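Take a look at the structure set out below.
None of the figures in this text is laboratory data; all of them are computed from the coordinates on show. From a predicted model like this one, the values you see are computed outputs, not experimental measurements. Virtual Cβ from ideal backbone geometry, glycine too; neighbours counted across all protein chains shown.
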């Protein structure tokens, strides 16, 4: 009888250790809203201002990207600030010219954020082009 009591107690302790009040460290579902907190937030930049920009204009606005992935006819550029990650998606239009058509923004735990806040933060903290 005593052994069964210890087994039940041990099982209960293991289950209790699995439950926590902490926030998730990442999100792949997009269901949770992100938290924007930046030491240098800059001024928000609306998505409409980003759409249509070419590579040189994006570089001038956001600096050097951390990732440049090309999957013709699409391309994704990733930028980062202390508060968020910004993805800008470009498409070829009429030859070799890439133009921005969409952007996504996420906090550092990959929860969605408003693009304008993140874009402002990235621009204010832009990495210099090497």
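For the pair residue 35 and residue 51 in one chain, pulling the backbone fully straight at 0.36 nm per residue adds 3.3 nm over the alpha carbon distance. The C-alpha radius of gyration of the range 39-87, expressed as a fraction of 2.2 N^0.38 Å, stands at 1.19.
Ordered from longest to shortest, the equivalent ellipsoid semi-axes for the range 76-130 are 22, 14, 8 Å, each the square root of 5 times a Cα gyration tensor eigenvalue.
If R0 equals 30 Å, the separation of the Cβ atoms of residue 124 and residue 89 corresponds to a calculated FRET efficiency of about 0.85.
Calculated from the alpha-carbon coordinates, the range 26-124 shows an Rg and a Dmax of 13.1, 40 Å respectively.
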